[in-house]
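Worksheet: the structure to be examined is printed underneath.
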Protein chains: 2
Amino acid sequence: MSNFRLGIISSIYNGLPKEAQITRIEFEGPEIAVYVKNPSILNDKMDVIRNIAKQIKKRIVIKADSSIRKDQKETVEIIKSSVPQEAQISDVKFDEELGEVLIKAKKPGLVIGKRGLIQQKIFMETYWRPIIIREPPIKSRTVEGVLTHIYNETEYRAKILKVFGERIHREIIFKDRYVRITALGAFQEVGRSAVLVETPESRVLLDVGVNPSVNSGERMFPKLDIDQLRLEDLDAVVLTHAHLDHSGMIPFLFKYGYEGPVYATQPTRDIMALMQLDMLDISEKEGRPLPYSAKEVRKELLHTITLDYEEVTDIAPDIRLTFYNAGHIIGSAMAHLHIGDGTHNLVYTGDFKYARTRLLDRAVAEFPRVDTLIMETTYGAQGQTNREESEKQLIDVINKTINRGGKVLIPVLAVGRGQEIMLVINDAMKRKLIPEIPVYVTGLFDEVTAIHTAYPEWLGKEVRDSILFRDENPFTSDYFKRIEGFREDIAQGEPSIILATSGMLNGGPAVEFFKYLAPDPKNSLVFVSYQAEGTLGRKVRDGAKEIQVVGRDGRVESIKVNLEHTPIDGFSGHSDRRQLLKFLEDMVPKPRNIILNHGESSAIRAFSKVLENPRERDRLGIRSSNIYAPSILDSLRVA
Amino acid sequence: MSNFRLGIISSIYNGLPKEAQITRIEFEGPEIAVYVKNPSILNDKMDVIRNIAKQIKKRIVIKADSSIRKDQKETVEIIKSSVPQEAQISDVKFDEELGEVLIKAKKPGLVIGKRGLIQQKIFMETYWRPIIIREPPIKSRTVEGVLTHIYNETEYRAKILKVFGERIHREIIFKDRYVRITALGAFQEVGRSAVLVETPESRVLLDVGVNPSVNSGERMFPKLDIDQLRLEDLDAVVLTHAHLDHSGMIPFLFKYGYEGPVYATQPTRDIMALMQLDMLDISEKEGRPLPYSAKEVRKELLHTITLDYEEVTDIAPDIRLTFYNAGHIIGSAMAHLHIGDGTHNLVYTGDFKYARTRLLDRAVAEFPRVDTLIMETTYGAQGQTNREESEKQLIDVINKTINRGGKVLIPVLAVGRGQEIMLVINDAMKRKLIPEIPVYVTGLFDEVTAIHTAYPEWLGKEVRDSILFRDENPFTSDYFKRIEGFREDIAQGEPSIILATSGMLNGGPAVEFFKYLAPDPKNSLVFVSYQAEGTLGRKVRDGAKEIQVVGRDGRVESIKVNLEHTPIDGFSGHSDRRQLLKFLEDMVPKPRNIILNHGESSAIRAFSKVLENPRERDRLGIRSSNIYAPSILDSLRVA
Ligand SMILES: [Zn+2]
Ligand SMILES: [Zn+2]
Ligand SMILES: [Zn+2]
Ligand SMILES: [Zn+2]
Ligand SMILES: [Zn+2]
């Protein structure tokens, strides 16, 4: 064991009372687990432990030595008798390696108890450390699958956590200090996000995405094959959110030798796996296989360490990571890296929305310290219709369509603004702004809705409070009828609203519904997201009056497009130009370097121009900030 | 053997007449050596060979199979009888491995013969390939030492040349193409020059210097300890000239695992070794050892491949190097890299003088192709006194001093403008502009003068013609009296001119002379080079009237400074601002990217400003060129 780790261990060993009887101290990923034979002695010593943790700046977790843990059957009984029936426990799983017991319940709050008292009681009586998870009201194959997979591999996971732990807590060797940022993808473009952060000690990748608008070839993937990036030397992958343009190439790293951790929020981990497996599926069907398989997705899941917002975590000997809400999709985060002993502080926004939506709170703009900001600039050149106006547009279209006896089809992206639209519709129906007709939800998007119901803590304050404290879950509202794929009876039936994937009409039940609904001018189609070049959605949007599609029987049919179609741009999960500027204006403290990424060249150019304007610089408080707009494979030394 | 090399070999094998009887084809560094048993058959087939070489774009050298080579004694006799006596052959050395015979002569032109006829005769009669070298009129320990060392290690050298050759002629693997430049040293500063050029195939370092104005610590060396630079993956080091701020850290690479070639001109190779060994010496004496030793300098010499100006050479599978005259010091070169099949062309100027001097021709400004230019900017903010005026100043000081019975001390850098000053004085004496008093030359600078006399072909047209065609060598002129170190009789003697190192009065015989000459106001001191902060030269220049020095006996003595001192700035080997601009104006073709280096931040800023001025851009013809001023550790993708 290195001197450095010995120092940490002896601080803990000498700091805790002898009577606790420490048997092991393990580096489990970013946490330090202290296994004791007499945990009850520590019951009123939490401040001592907190003080040690503060002093050595590490996360300490007290666990019970395996010899004193109750057997599994007895433990289950103690849990059931300690927790009120209304909690509705649905599953209990054990992790022998880490001494943890997973408790799944419909009402996890009741398992935790007021001020955590029941959770603590379970630990003290069973000596298993309870991990409490919500059983979502809408069953999610994904959430379940991920957990089952992880709990099937507890031995492997315990082993790699120790490897991560030793790597994170290694000695700092180099005296020379620098921080370099290298653009690997999503610079002067949107898609295939990837940024390499290098210090003399460590290397971290921020996002590793694909370019979903390119089906194959060099431009689909970030530049991962340069000398500078050796997978065996990589310390961590930090994933800001589940969209494939940020996550789609992570499994590739595992295929080519990466053995380290992926840091993400819990919702991001689950949705990421769902999206990757879906992309693998489609790619295979369409005969353009990806450079990895489901095997690597499974490995990636075992290597993922989930973090909450604002939880400070060591991810390398000289780097601390903290996630902050980004307001873009559920679980989306901005990554704050604290590098060295204050050498440098970096914020990478990932995709963010600097405005409150029905689904999520506004992104955070205040940080403990910031020297360099890497910010997305998707809408650096454009404004969006405001939200109130957009909601009004949507309600108008729905009312007009229903009044003339038509149906409203709203194609939604699998992970995007579909849930936001559900909240708008739910609210409008409750407030009688639209009639209570059936709202059908179908496709991959519906599975993502299920994942939302597993993680209400990650939603915006209003909807979170409604679910957790008023027991009103808009996603399980009676207005919504969940269906499997396409249904002809619905397509031919009474007026209704249909929310279906895919969002650009290039697959999924949305296309099937479209084929039925397109010829009738009574029907409406509402586009709530961007329609990429080459998609059916784009053709319709651009005014095509007749369209060729492949029918169920494999033959090409011609379809007349007579329905009304309306694009509404105010539901975007990205900040528009005004919101990007407001973010900079509100930001505390102001960054010395502002690096623009995740935007087309034209958007970056337009936005840089604004940021170079002296009057605007004064207004935003960034008079002395440097503005950079790197290209792929540029490196910038920021410290 | 790889498919790729097999292809090259079979082109040669099938292209040459069978009767030549090829026995081996070897990749010897950048050359392909064809060993044959019947070389005479190829005598009138030189055009066939040239055609093959052109077709496969490789350098082909015909050598004789070792079985047919005459024995060494007989060969020496044949050489002596073929070469006229006036050639004055002084040494003959054999390289059994490469089948070469080194012939050293006072008049190498007479060994070569008209249109190379004697050289060819020697080959055809002895089957040894003659390499003809000048025996300098002033004996140089350095030139001799380097050759002896290389010819002592012919076996090792033949071995590594084969390794280089196979590495250079490896297959191109990556389809993706890019060219990246990374700033490792001498960006926003002067000193520790180093640039990394990366393609998917290969990595090349341009210069690897020290910062001579820093004695130790991080800022003394370029950033060689980054992930991006793995010495075992490095293909080549390209050295533009011998100054330590460009060459001083090359031996360090060999200490830490580099096994590849160093490309340099012949004068650069010899002076580089001299400078490095001298620096090692001084560093050791002053108790701040360098991170390498003389052992690595010797290894570096064996790994050095010398190139002529405008000789196109493969140095990596996708990179061709061509050196062009830089006009800065003897052998100084600009490096032109032709990357890929025309993917990108890069010119790195190193230090350059865009003006003719007495010693050297003006730097080249026309290249076959240029996309990116990396140019030095030392005097980006400053003009210099013009040459005629500077020469006049020097002559005036000398005359004034002699008239009043004083002596003129001119401290000169070991490698710099000392030889230029010699040419000025020689000319002035010949033209009776100054009286024919003795001119004493002493110190390391005199050894460098000796090296100049070994390489007259590398000097400017006028002095070259004078030496080679008119047999007038200014360096061996009777005006100059070469002495060892300091001599008290000279210091106390009649009026004279003394040229001595070091150039900043921080060591060497110059300081000893200074101590004697300083108190007498009849004497003069002329500064012809920059005086760095902290040196004795700087103190004197800044007007100090009394100075503390350590005397011969080790005690501190106080010296009154009464002599006249005059700085003359027009002899610089660097382009001043006007010349830098003229270079860009004359440059053909114009580069798309201009990267500024080798200049203090203030100089770079001032020069960038000029280059950003729309009117100036039009005048220089660089209206659409990008101007970059990177900092150390920035990378720029240029293609
Ligand atoms: Zn490599
Ligand atoms: Zn996104
Ligand atoms: Zn994105
Ligand atoms: Zn130089
Ligand atoms: Zn230099």
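Name the single residue that is farthest from B:Glu198 (Cα to Cα) among those in the range B:229-244 being surrounded by 24 or more Cβ atoms within 10 Å (Cβ to Cβ) and within 10 Å of ligand 5 (Cβ to nearest atom).
B:His243
Can you tell me which condition B:Asp245 does not meet? The list is (1) within 16 Å of ligand 1 (Cβ to nearest atom); (2) in a helix (DSSP H, G or I), and all the others hold.
Going through the list (1) within 16 Å of ligand 1 (Cβ to nearest atom); (2) in a helix (DSSP H, G or I), B:Asp245 breaks only (1).
Quick check: anything in the range A:57-71 more than 15 Å from A:Val34 (Cα to Cα) and under 28 Å from the mean Cα position of the chain (by Cα)?
Scanning the range A:57-71, I find at least one residue that is more than 15 Å from A:Val34 (Cα to Cα) and under 28 Å from the mean Cα position of the chain (by Cα), so the answer is yes.
Yes/no matrix, rows are residues, columns are (1) within 14 Å of chain B (Cβ to nearest Cβ); (2) within 16 Å of ligand 2 (Cβ to nearest atom); (3) farther than 30 Å from A:Gln531 by Cα:
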position	(1), (2), (3)
A:Ile168	no, no, yes
A:Val204	yes, no, yes
A:Asn211	no, yes, no
A:Lys223	yes, no, no
A:Leu231	yes, no, yes
A:Asp235	yes, no, yes
A:Leu244	no, yes, no
A:Ser247	no, yes, no
A:Tyr256	no, no, yes
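How do the helices (runs of 4 or more DSSP H) wholly within the range A:1-101 filter down when requiring 1 or more residues that are modelled with pLDDT under 90: which remain?
Of the helices (runs of 4 or more DSSP H) lying wholly inside the range A:1-101, those with at least 1 residues that are modelled with pLDDT under 90 span A:3-15, A:46-56.
So in the range A:531-547, with the set limited to residues that are assigned to a loop (DSSP other than H, G, I, E, B) and charged (D, E, K, R), which one is farthest from the chain's Cα centre (by Cα)?
Looking at the filtered set, the residue picked out is A:Lys545.
Residues are listed down the side, and each one gets a yes or a no for (1) open to solvent by 20 Å² or more (accessible area, probe 1.4 Å); (2) at negative phi; (3) not charged (D, E, K, R):
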| position | (1), (2), (3) |
| --- | --- |
| A:Ala381 | yes, yes, yes |
| A:Leu394 | no, yes, yes |
| A:Ile402 | yes, yes, yes |
| A:Asp427 | yes, yes, no |
| A:Phe445 | no, yes, yes |
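Restricting attention to the range A:233-242, which residues are in contact with a Phe, Trp or Tyr (Cβ under 8 Å, 6 or more places away or on another chain) and within 16 Å of ligand 1 (Cβ to nearest atom)?
Passing the criteria: only A:Leu234.
Go over the candidates B:Asp176, B:Asp207 one by one and state the one that is surrounded by fewer than 17 Cβ atoms within 10 Å (Cβ to Cβ) and acidic (Asp, Glu).
Sole residue among the options that is surrounded by fewer than 17 Cβ atoms within 10 Å (Cβ to Cβ) and acidic (Asp, Glu): B:Asp176.
Quick one: which strands (runs of 3 or more DSSP E) sit completely within the range B:322-400 and have at least 1 residues that are away from ligand 3 (no atom under 16 Å from the Cβ), in the same structural domain as B:His452 (by TED's automatic domain parsing) and not small (Gly, Ala, Ser)?
none
Can you name the number of the only condition in (1) farther than 20 Å from A:Ser631 by Cα; (2) without any contact (Cβ under 8 Å) to a residue 24 or more places away in the chain that A:Gly217 fails?
The number of the failed condition is (1).
Within the range A:535-547, count every residue that is open to solvent by 60 Å² or more (accessible area, probe 1.4 Å) and free of Cβ contacts under 8 Å to residues at least 12 places away in the same chain.
2
Select from the range B:248-269 the residues that are of a type outside the set (Val, Ile, Thr), part of a helix (DSSP H, G or I) and within 16 Å of ligand 4 (Cβ to nearest atom) and list them in ascending order.
Listed by number, the residues that qualify are B:Pro267, B:Arg269.
Do we find a residue being on the phi < 0 side of the Ramachandran plot, in a strand (DSSP E or B) and touching a residue at least 60 places away in the same chain (Cβ under 8 Å) anywhere in the range B:475-486?
The answer is yes; a qualifying residue exists.
For the range A:218-228, which positions are more than 16 Å from ligand 3 (Cβ to nearest atom) and open to solvent by 40 Å² or more (accessible area, probe 1.4 Å)?
If the condition is that a residue be more than 16 Å from ligand 3 (Cβ to nearest atom) and open to solvent by 40 Å² or more (accessible area, probe 1.4 Å), then A:Glu218, A:Asp225 are the ones that fit.
Would you say B:Asp176 is of a type in the set (D, E, K, R) and within 14 Å of chain A (Cβ to nearest Cβ)?
In short, yes.
Select, from B:Val528, B:Val561, B:Val556, B:Val550, the only residue that is surrounded by 13 or more Cβ atoms within 10 Å (Cβ to Cβ), among the hydrophobic types (A, V, I, L, M, F, W, C) and more than 27 Å from the chain's Cα centre (by Cα).
B:Val561
Being modelled with pLDDT under 95, more than 30 Å from B:Ala518 (Cα to Cα) and either of a type in the set (Asp, Glu) or under 27 Å from the mean Cα position of the chain (by Cα) (or both) narrows it down to one residue among B:Glu616, B:Glu585, B:Glu612; which is it?
Checking each option against the conditions leaves just B:Glu612.
Within the range B:155-201, work out how many residues are part of a loop (DSSP other than H, G, I, E, B) and hydroxyl-bearing (Ser, Thr, Tyr).
3
Please go through the range B:554-600 and give me each residue that is within 14 Å of chain A (Cβ to nearest Cβ) and within 16 Å of ligand 5 (Cβ to nearest atom), ordered by number.
Across the range B:554-600, the qualifying residue is only B:Ile595.
Results for (1) in the same structural domain as A:Val312 (by TED's automatic domain parsing); (2) in contact (Cβ under 8 Å) with a residue 60 or more places away in the chain; (3) more than 27 Å from A:Met272 (Cα to Cα); (4) in contact with a Cys (Cβ under 9 Å, 6 or more places away or on another chain), shown as yes or no for each residue.
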| residue | (1), (2), (3), (4) |
| --- | --- |
| A:Leu98 | no, yes, no, no |
| A:Lys107 | no, no, no, no |
| A:Leu110 | no, no, yes, no |
| A:Arg157 | no, yes, no, no |
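Determine whether the range B:612-631 contains at least one residue that is surrounded by fewer than 17 Cβ atoms within 10 Å (Cβ to Cβ), within 14 Å of chain A (Cβ to nearest Cβ) and within 21 Å of B:Pro222 (Cβ to Cβ).
yes
Tell me which residues, restricted to the range A:190-200, are away from every other protein chain (no Cβ under 11 Å) and open to solvent by less than 10 Å² (accessible area, probe 1.4 Å).
Selection gives A:Gly191, A:Ser193, A:Ala194, A:Val195, A:Val197.
Can you tell me which residue in the range A:5-52 is nearest to the chain's Cα centre (by Cα), limited to those that are closer than 25 Å to A:Gly260 by Cβ and open to solvent by 80 Å² or more (accessible area, probe 1.4 Å)?
Selected residue: A:Arg24.
Residue check: is A:Arg269 under 21 Å from the mean Cα position of the chain (by Cα), surrounded by 22 or more Cβ atoms within 10 Å (Cβ to Cβ) and in contact (Cβ under 8 Å) with a residue 12 or more places away in the chain?
Answer is yes for this residue.
Can you tell me which residue within the range B:121-141, out of those that are free of Cβ contacts under 8 Å to residues at least 60 places away in the same chain and open to solvent by 30 Å² or more (accessible area, probe 1.4 Å), is farthest from B:Pro267 (Cα to Cα)?
Restricting to residues being free of Cβ contacts under 8 Å to residues at least 60 places away in the same chain and open to solvent by 30 Å² or more (accessible area, probe 1.4 Å), the top hit is B:Glu125.
Just checking, does the range A:249-258 include any residue being within 16 Å of ligand 1 (Cβ to nearest atom) and small (Gly, Ala, Ser)?
Checking the range A:249-258: at least one residue is within 16 Å of ligand 1 (Cβ to nearest atom) and small (Gly, Ala, Ser).
The values are calculated or read from the model by the stated rules, or taken from the named source; none is laboratory data. Just so you know, these numbers come straight off a predicted model, no measurement behind them. Glycine gets a Cβ as well: all are built from the backbone with ideal geometry, and neighbour counts include every protein chain shown. For the accessible areas, the whole protein counts, side chains as well, though only heavy atoms, and no ligand, DNA or RNA atoms are used. Shrake-Rupley method; radii C 1.70, N 1.55, O 1.52, S 1.80 Å.
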